[in-house]
């Protein structure tokens, strides 16, 4: 029987810690995923309005194999500044791509979502210091979700979005997990039934009584057509190549597309990273194909997709009403 990890969070993957910085008045924040000892990484971008940094180097054809952190941030293009703080924080601690004479260049890919105009001023006072503050807050235990970090100002279809996470332990003992900031043009709730699209993926009653509700969605407001984007990552403690990590990131988008409908629109910059901390070998399955780990990658990708869908649901269910955005928990029953 499938079950989740100790925290049902990205931090169930050994070698990863997560920190948030939240400014509720600005309705904005940043989430930093730290892997200071390095994690093999790749990415897959499906949305048509992405905001990002250090994405090209994650192509399997390119030189750098490992990253030391990934940043998920609000603030749209202004939020990319938070990665500067993360780079400085890691460099001061000696973590990064090795350079001569003991110097390092921390590799910190970043993705941003559009939450401008939701706080006290149109453009939040986001800066490199927000990134450093999130690093200082990073821990390897439970992750605060909902209106925190990159999910602080998030809005999904017509209700409050948020930060969500989930994990799963496979029969092989390998852990897969997801972390996501849900700020989607599409809806996580079926407007006709009032039920969450992917409620059937629930493990160990993780969604509680809120997940069983049938709610009445408010109408979708007339807002800026670029005011969206769902950004996240999946991670595993398995040993992966960049090519395998890229494939798993691609498959993880299936979970996003099932949990949010529609997903990957012209108004979303949907992006999923994949990190592998390399603590456990993939099981080798003999067979016709030359690639001995093909089935293991399939299994990880499938689990990553399910974790992404569950994390999206958690982001919606744990959010609370903020800055004029009504949360799922405050919706009327259908």
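Inspect all residues belonging to region 88-103 and state whether any of them is closer than 27 Å to residue 312 by Cβ, surrounded by 18 or more Cβ atoms within 10 Å (Cβ to Cβ) and out of contact with any helix residue (DSSP H, G or I) (no Cβ under 7 Å at 6 or more places or on another chain). No, every residue in region 88-103 fails to be closer than 27 Å to residue 312 by Cβ, surrounded by 18 or more Cβ atoms within 10 Å (Cβ to Cβ) and out of contact with any helix residue (DSSP H, G or I) (no Cβ under 7 Å at 6 or more places or on another chain). Of the residues that make up region 51-65, is at least one in a strand (DSSP E or B), farther than 20 Å from residue 139 by Cβ, in contact with a strand residue (DSSP E or B) (Cβ under 6 Å, 6 or more places away or on another chain) and in contact (Cβ under 8 Å) with a residue 40 or more places away in the chain? Scanning region 51-65, I find at least one residue that is in a strand (DSSP E or B), farther than 20 Å from residue 139 by Cβ, in contact with a strand residue (DSSP E or B) (Cβ under 6 Å, 6 or more places away or on another chain) and in contact (Cβ under 8 Å) with a residue 40 or more places away in the chain, so the answer is yes. Give the number of residues within region 185-206 that are in contact with a strand residue (DSSP E or B) (Cβ under 8 Å, 6 or more places away or on another chain) and within 28 Å of residue 2 (Cα to Cα). Looking only at that region, the number is 11. Evaluated against (1) over 26 Å from residue 28 (Cβ atoms); (2) modelled with pLDDT of 95 or more; (3) part of a loop (DSSP other than H, G, I, E, B), residue 277 falls short on exactly one condition, (3). Considering only residues in region 110-125 that are in contact (Cβ under 8 Å) with a residue 60 or more places away in the chain and either surrounded by fewer than 24 Cβ atoms within 10 Å (Cβ to Cβ) or over 19 Å from the mean Cα position of the chain (by Cα) (or both), the one that is nearest to residue 271 (Cα to Cα) turns out to be 116. Any residue that is under 30 Å from residue 38 (Cα atoms) and either assigned to a helix (DSSP H, G or I) or at pLDDT 95 or above (or both) - is there at least one of those in region 206-226? Among the residues of region 206-226, not one is under 30 Å from residue 38 (Cα atoms) and either assigned to a helix (DSSP H, G or I) or at pLDDT 95 or above (or both), which makes the answer no. Against the test of being in contact (Cβ under 8 Å) with a residue 24 or more places away in the chain, over 19 Å from the mean Cα position of the chain (by Cα) and either more than 16 Å from residue 316 (Cα to Cα) or assigned to a loop (DSSP other than H, G, I, E, B) (or both), the options 172, 229 yield a single qualifying residue, 172. Say whether the condition of being at negative phi, in contact (Cβ under 8 Å) with a residue 24 or more places away in the chain and assigned to a strand (DSSP E or B) is met by at least one residue in region 126-138. There is no residue in region 126-138 that is at negative phi, in contact (Cβ under 8 Å) with a residue 24 or more places away in the chain and assigned to a strand (DSSP E or B). Which members of region 288-334 meet the condition of being more than 21 Å from residue 158 (Cα to Cα) and not in a helix (DSSP H, G or I)? If the condition is that a residue be more than 21 Å from residue 158 (Cα to Cα) and not in a helix (DSSP H, G or I), then 288, 289, 290, 291, 292, 293 are the ones that fit.
Summed over region 82-108, residues that are in contact (Cβ under 8 Å) with a residue 40 or more places away in the chain and either part of a loop (DSSP other than H, G, I, E, B) or farther than 20 Å from residue 133 by Cβ (or both) total 4.
Exactly one residue out of 33, 13 is farther than 25 Å from residue 154 by Cα, modelled with pLDDT of 95 or more and within 16 Å of the chain's Cα centre (by Cα), and it is 13.
Given the structure, is residue 235 in contact with a helix residue (DSSP H, G or I) (Cβ under 8 Å, 6 or more places away or on another chain), in a strand (DSSP E or B), at pLDDT 95 or above and buried (at least 19 other Cβ atoms within 10 Å of the Cβ)? Judged against the criteria, residue 235 is a match. Per this entry, residue 245 is counted among residues that are in contact with a helix residue (DSSP H, G or I) (Cβ under 9 Å, 6 or more places away or on another chain), in a helix (DSSP H, G or I), touching a residue at least 60 places away in the same chain (Cβ under 8 Å) and crowded, with 18+ Cβ neighbours inside 10 Å.
The values are calculated or read from the model by the stated rules, or taken from the named source; none is laboratory data. The model shown is predicted, which means the values in this text are computed figures rather than measured ones. Backbone-built Cβ (ideal geometry, glycine too); neighbour counts: all protein chains shown.
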